[in-house]
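**Student:** The structure is given below, and queries will be raised subsequently.
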Amino acid sequence: MTSASRKIPGLIDKFVFRMKRFASMSAREKYLAIGLRVRRILPGVPLPIPLPFGGWFLARNDYMGGAEMHGVFELAERAFVSRFLREGMTVLDVGAHHGLYTLLASKRIGPSGQVFAFEPSPRERKALRWNAGLNRCKNVVIEGLALGDEEGEGGPAVTLHRDLHIGTCNADEY
């Protein structure tokens, strides 16, 4: 018996073991297992994950994306915001980042409410737009501004490739 023919039964046993373990997983665990496998091959591709409040979130390969994939990102904060928001409210999401709280607010306040999401970073705003579009948030307005105590232009923010001058507006006058 050659060494290659001895390895085949071991590989088959390993494969059968993995398939049984996969079959015993919940649907969410299966989805995440496949998603993590895809992420190893395509690390720059965001993984759409279901949110507990009914939306979808494009989890990038970063801390927030990983924590959200495993359902542990800011649970107490989200519970507080969810209890606080009511149908028809107007919400300002200042520093909206990828839009997790924008999505939560959009769902909680419904079509009669309005969410204004402020995100000055073009990269983060792009992720915010993707998440809002994925969830068909018609009650969300995305602004590429920072909020401050006066209108104008903020100092340069350093990004990976260039200096970025950020427009600011006064929240009272918005």
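All of the numbers you see were taken from the coordinates with simple rules; none came from a lab. All figures in this text were calculated on a predicted structure; none of them were measured in a lab. In this analysis, Cβ positions are derived from the backbone assuming ideal geometry, glycine residues included, and neighbour counts consider all displayed protein chains.
**Student:** Find, among the trypsin sites (Lys or Arg not before Pro) in segment 19-124, those assigned to loop by DSSP (not H, G, I, E, B) with at most 14 other beta-carbon atoms within 10 angstrom.
**Tutor:** Those that pass, being in a loop and sparsely packed, are 86.
**Student:** Then there is this: Of the options 139, 170, 15, report the single residue whose Cα projects farthest towards the positive end of the charge dipole of the chain (beta-carbon charges: Lys, Arg +1; Asp, Glu -1).
**Tutor:** Positive-most Cα among the choices belongs to 15.
**Student:** For 102, 90, what's the fewest-to-most ordering of other Cβ within 10 Å of each Cβ?
**Tutor:** In order of increasing Cβ crowding within 10 Å: 90, 102.
**Student:** Sort 112, 82 so that the residue with the fewest other Cβ atoms within 10 Å of its own Cβ comes first and the one with the most comes last.
**Tutor:** Least crowded to most crowded, the residues run 112, 82.
**Student:** Pop a pseudo-label 7 angstrom from the Cα along the beta-carbon direction at both residue 27 and residue 82 and give the gap in nm to one decimal.
**Tutor:** 1.8
**Student:** Per residue of the chain, what 222 nm ellipticity follows from adding -39500 (n - 2.57) for every DSSP H run with n ≥ 4, rounded to the nearest 500?
**Tutor:** Theoretical 222 nm ellipticity from helices: -14000 deg cm²/dmol.
**Student:** Once you charge only the Cβ atoms, +1 for Lys and Arg and -1 for Asp and Glu, what is the size of the charge dipole of segment 84-170 about its Cα centre, to the nearest 20 debye?
**Tutor:** Around 640 debye, computed over segment 84-170.
**Student:** Taking the Cα atoms only, what angle lies between the long axis of helix 27-41 and the longest principal axis of the chain, rounded to 10 degrees?
**Tutor:** Helix 27-41 and the main axis of the chain meet at about 90 degrees.
**Student:** At most 10 other Cβ atoms within 10 Å plus a DSSP loop assignment makes a site exposed; report the longest stretch of the chain without any exposed GluC sites (Glu not before Pro).
**Tutor:** After excluding every exposed loop site, the longest remaining stretch is 1-86.
**Student:** Next question, about the same structure. Report the Rg/Rh value for segment 84-170, based on alpha-carbon coordinates and the Kirkwood definition of Rh.
**Tutor:** My calculation puts Rg/Rh at 1.02.
**Student:** Can you give the FRET efficiency for residue 169 and residue 42, using 1/(1 + (r/R0)^6), R0 = 30 Å, r = Cβ-Cβ distance, to the nearest 0.05?
**Tutor:** Efficiency, from the Cβ-Cβ distance: 0.20.
**Student:** So what's the projected area for segment 18-78, the Cα convex hull averaged over all directions, in nm²?
**Tutor:** 4.6
**Student:** Given Cα pairs under 8 Å that are at least 6 residues apart, what percent is the relative contact order of segment 84-170?
**Tutor:** In percent, rounded to a whole number, it is 26.
**Student:** I need 41, 166 ordered by Cβ neighbour count within 10 Å, fewest first.
**Tutor:** By the 10 Å Cβ count, ascending, the order reads 41, 166.
**Student:** Using modelled amide H (1.01 Å from N, peptide plane; none on Pro or chain starts), what sits under 5 Å from the amide H of residue 91, excluding residues fewer than 5 places away?
**Tutor:** 114, 115, 116
**Student:** If you don't mind, another one. I want the antiparallel fraction of DSSP beta bridges within the chain, as a percent rounded to 5.
**Tutor:** 45
**Student:** Further question: Suppose every K and R has +1 on its Cβ and every D and E has -1 on its Cβ; what is the size of the dipole of segment 1-133 about the Cα centre, in Debye to the nearest 20?
**Tutor:** Around 760 debye, computed over segment 1-133.
**Student:** Let me ask you something else. Report Rg(Cα)/(2.2 N^0.38 Å) for segment 1-118, keeping two decimals.
**Tutor:** Rg over 2.2 N^0.38 Å, computed on Cα atoms: 1.52.
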